[in-house]
Amino acid sequence: MSDSALLRIVVDTNVVFEGLTKQGGASGLIIDAWLAGLMVVCISNALAYEYDDVLSRKLSAERWRKLQPVLGQLLSIAQYTNIYFSWRPTSPDAGDDLVIDCAMNAGAMIVTSNIRDFRSANVAMGLQVLTPVQFLDVLASGEQ
C-alpha cells in the first residue's frame, strides 16, 4: 500500500511511553502497527526530542538502554514534518502544543490517551483526536 493511502497520525508521548513500557494494550498495538508500516506516523524534531526526554527521565537507566534502539527504529521510519506555523498556546500542557503543531502542519490526526487537553484544538481547528482504542478501530476498519 502506498503512503498516500495510509492514515496519517501524530502519536502523543503518553501513547509512545505506554506502548513501549506495558505489555499488550492498545498503545502497544499502535507501536506494533508503526513498526509494521501500517500508517504514516508524522513527527517533528521537537516531538522526537520530547519522546527521548520523557523516556530517558521516566525509565531506569537499564530499561532506557534496552528501549532506546526501539525508539530509534520508530523515529527512523517516521515522516519528519517541518513546522511552518505554530498554533500556540492551544493546550494547557506545552508538550501537547508540540503534538498539535505537528498534526496541523502534517495534515494528520492525533492519537492520545489524554483527549481532554486536546479538546480546544479539536473544536477550534477541527483537528481529529482519537484515543488509542478509537484509532485501532479506524485502522482495522480501513476507513480514512
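Details
- Convex hull of Cα atoms in the chain, direction-averaged projection (nm²): 8.2
- Calculated FRET efficiency for the pair Ile83/Arg63, C-beta based, R₀ 41 Å, to 0.05: 0.85
- Solvent-accessible area per residue for the chain (1.4 angstrom probe, square angstrom): 52
- The peptide list 106-119, 65-78, put in order of mean Cβ contacts within 10 Å with the highest first, becomes 106-119, 65-78.
- Nearest-20 debye value, the chain charge dipole, Cβ charges on Lys, Arg, Asp, Glu: 260
- Placing unit charges on the Cβ atoms of the charged side chains and taking the dipole of the chain about its Cα centre, the candidate lying farthest along the positive direction among Met109, Val41, Trp64 is Trp64.
- Note on segment 11-51: Cα Rg divided by 2.2 N^0.38 Å, N the number of residues, gives 1.12.
- Here the chain has 52 percent of its accessible surface on carbon and sulfur atoms, given a 1.4 Å probe and all protein chains in place.
- A straight chain from Thr21 to Ile115 at 0.36 nm per residue would run longer than the Cα-Cα distance by 31.8 nm.
- Within the chain, DSSP assigns beta bridges of which about 0% are antiparallel (rounded to the nearest 5).
The values are calculated or read from the model by the stated rules, or taken from the named source; none is laboratory data. The model shown is predicted, which means the values in this text are computed figures rather than measured ones. Ideal geometry is used to build each Cβ from the backbone, glycine not excepted, and the neighbour counts take in all protein chains shown. For the accessible areas, the whole protein counts, side chains as well, though only heavy atoms, and no ligand, DNA or RNA atoms are used. Shrake-Rupley method; radii C 1.70, N 1.55, O 1.52, S 1.80 Å.
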